[in-house]
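Take a look at the structure set out below.
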Amino acid sequence: MTRSPRAAILVAHPGSELYGSDRVLLESVSGLVSDGWDVLVAVPADGPLIAELRRRGARVELCPTPVVRKSVLRARGFVRFAATTLHGLRRGSAVLRRERPAAVFVNTVTIPLWIGLARLARIPVVVHVHEGEGSASPVVKKVLSAPLLLAQTVVANSAFSVEVLRSAYPSLGRRTTVVYNAVPGPEHRRPARAAIDGDLRVTYIGRLSPRKGVDVAIDAIAELERRGVPARLDLVGAVFPGYEWYEHDLRRQVDEKRLQSRVAFLGFQPSVWEYLSAGDVVLVPSIADEPFGNTAVEGILSGRPVIASATSGLLEATDGYRTAVTVPPGDAESIADALQQAVEHWADTSALLDGDVQAAEERHSPESYQKRIAELVRATTGTASEASANESGAPKLSRRMLSRLRLSPRGR
């Protein structure tokens, strides 16, 4: 492979799929490539993300990386984690010696090994935080956030994520910069239906995971069936390896509630716009903390009303949009109420969709996002003024919003 004479940036990422943080990574890479860097992305396995990275001008290398997940707490998971760590130490160190990058950009806190390796090699580190669990115990938050203390620059995808970091280490809250996710919209947006004629078409986009509340969405469709409100739910996504049992449970739930004609399992799809356009309402029923809500923004950009859980980063992602409604997490009846009201007030809601689309396009512009990420990396490497890395910091949250996010102003 012919090497570019440009200075290199090594980007470390924990997977090779095309879900939320994967798609945001693509925009980060595009920003760095456009800024003149030779970008090498290290991922642990093959997957659909790799072709997209190469299409955007990055080089890609498969490199074993220990990923911090809950499975590490089990004996077998810990042994696998330890073995991957040893392998990752050797391969990662070799890559850093060969590439001599100007900086290492670590995408998510779940791969702390890259932070340690970069610091040992005296290479500046930028960490992009996509996680935020305010409900986690203080000990867990401190352990997960501790590697960030070694980074020169910390970027977070939401003010909620910053508050979680602040609750672990106040200094992290003070020096973390918020950059809202880039969320590209569809090339061609299909207008919403003028009226709901027949079934209400509800779309869920994302992993099939217990924390995402997919079972609650199915219960909501069952409740609408009981009320005599015809609705159909399309589940666009797949389980994470090791969670196949959850999909089996979901299919059993559908069978037991006799919803086979009402719920469709469509699997993972590399592009979601066709499925969003085919639906009427986008549902984001997470029951656990979400650092942000890319799917909610995608729903708004597709010109569809969004019903999301009133929790954590989803509150931030849907804030200010007139066609976005939030409901208590895990409450199937509240979701059913919101879906029924969407049918009953469809004409009023439809009239507001275009305005929300325009607002989302401005807030989540890929061009603005790419430029900001490039500025922060330049500042970290010393090739731009330090002011560009600290010009704004994390946005201030109102006490009302802090209360809704269940974090106090002191982050406790």
State whether one or more residues within segment 353-367 are more than 22 Å from Asn157 (Cβ to Cβ), modelled with pLDDT under 50 and among the acidic types (Asp, Glu). no
Please indicate, with yes or no, whether at least one residue in segment 159-182 is in contact with a Pro (Cβ under 9 Å, 6 or more places away or on another chain), in a helix (DSSP H, G or I) and assigned by TED's automatic domain parsing to the domain that holds Glu298. no
Restricting attention to segment 170-205, and to residues there that are crowded, with 23+ Cβ neighbours inside 10 Å and within 20 Å of Leu235 (Cβ to Cβ), which single residue is nearest to the chain's Cα centre (by Cα)? Ile205
Checklist (1) in contact with an Asp or Glu (Cβ under 9 Å, 6 or more places away or on another chain); (2) buried (at least 24 other Cβ atoms within 10 Å of the Cβ); (3) more than 23 Å from Arg232 (Cα to Cα) applied to Glu316, failing item: (1)
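Using the structure shown, decide if Leu25 is in contact with a Gly (Cβ under 9 Å, 6 or more places away or on another chain), at pLDDT 95 or above, buried (at least 18 other Cβ atoms within 10 Å of the Cβ) and part of a helix (DSSP H, G or I). So that I can check it myself, show each step before the final result.
Working: in contact with a Gly (Cβ under 9 Å, 6 or more places away or on another chain): no; at pLDDT 95 or above: yes; buried (at least 18 other Cβ atoms within 10 Å of the Cβ): yes; part of a helix (DSSP H, G or I): yes.
Against the criterion (in contact with a Gly (Cβ under 9 Å, 6 or more places away or on another chain), at pLDDT 95 or above, buried (at least 18 other Cβ atoms within 10 Å of the Cβ) and part of a helix (DSSP H, G or I)), Leu25 does not qualify.
Counting only residues that are of a type outside the set (Lys, Arg) and assigned to a strand (DSSP E or B), which one in segment 232-255 is surrounded by the most Cβ atoms within 10 Å (Cβ to Cβ)? Spell out how you get there, then give the answer.
From segment 232-255, those of a type outside the set (Lys, Arg) are 233-250, 253-255; that's our starting set.
Within this subset, residues satisfying the condition of being assigned to a strand (DSSP E or B) are 233-236.
Numbers: Leu233: 27, Asp234: 18, Leu235: 24, Val236: 22.
For segment 232-255, the residue satisfying everything is Leu233.
Quick one: would you say Val325 is in contact with a strand residue (DSSP E or B) (Cβ under 8 Å, 6 or more places away or on another chain) and assigned by TED's automatic domain parsing to the domain that holds Arg227?
Details: in contact with a strand residue (DSSP E or B) (Cβ under 8 Å, 6 or more places away or on another chain): yes; assigned by TED's automatic domain parsing to the domain that holds Arg227: yes.
Answer is yes for this residue.
Just the residues that are touching a residue at least 40 places away in the same chain (Cβ under 8 Å) and farther than 18 Å from Val60 by Cβ, please, taken from segment 104-117.
So the first thing to find is which residues in segment 104-117 are touching a residue at least 40 places away in the same chain (Cβ under 8 Å), and the list is 104-114.
Within segment 104-117, Val109, Thr110, Pro112, Leu113 qualify.
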Residue check, Arg190 part of a loop (DSSP other than H, G, I, E, B) and either out of contact with any Pro (no Cβ under 8 Å at 6 or more places or on another chain) or in contact (Cβ under 8 Å) with a residue 40 or more places away in the chain (or both): yes
Top-ranked residue of segment 91-103 - restricted to ones that are touching a residue at least 24 places away in the same chain (Cβ under 8 Å) and not basic (Lys, Arg), ranked as farthest from Ala168 (Cα to Cα): Glu99
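Per-residue answers, yes or no, for (1) surrounded by fewer than 23 Cβ atoms within 10 Å (Cβ to Cβ); (2) in contact with a helix residue (DSSP H, G or I) (Cβ under 9 Å, 6 or more places away or on another chain); (3) among the acidic types (Asp, Glu):
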| position | (1), (2), (3) |
| --- | --- |
| Pro210 | yes, yes, no |
| Arg226 | yes, yes, no |
| Pro230 | yes, yes, no |
| Lys257 | yes, yes, no |
| Gly267 | yes, no, no |
| Ser271 | yes, no, no |
| Tyr275 | yes, no, no |
| Asp289 | no, yes, yes |
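The values are calculated or read from the model by the stated rules, or taken from the named source; none is laboratory data. Here the structure is a predicted model, which is why all the values come from computation and not from measurement. Positions of Cβ are generated from backbone atoms using ideal geometry, with glycine treated the same way; all protein chains shown enter the neighbour counts.
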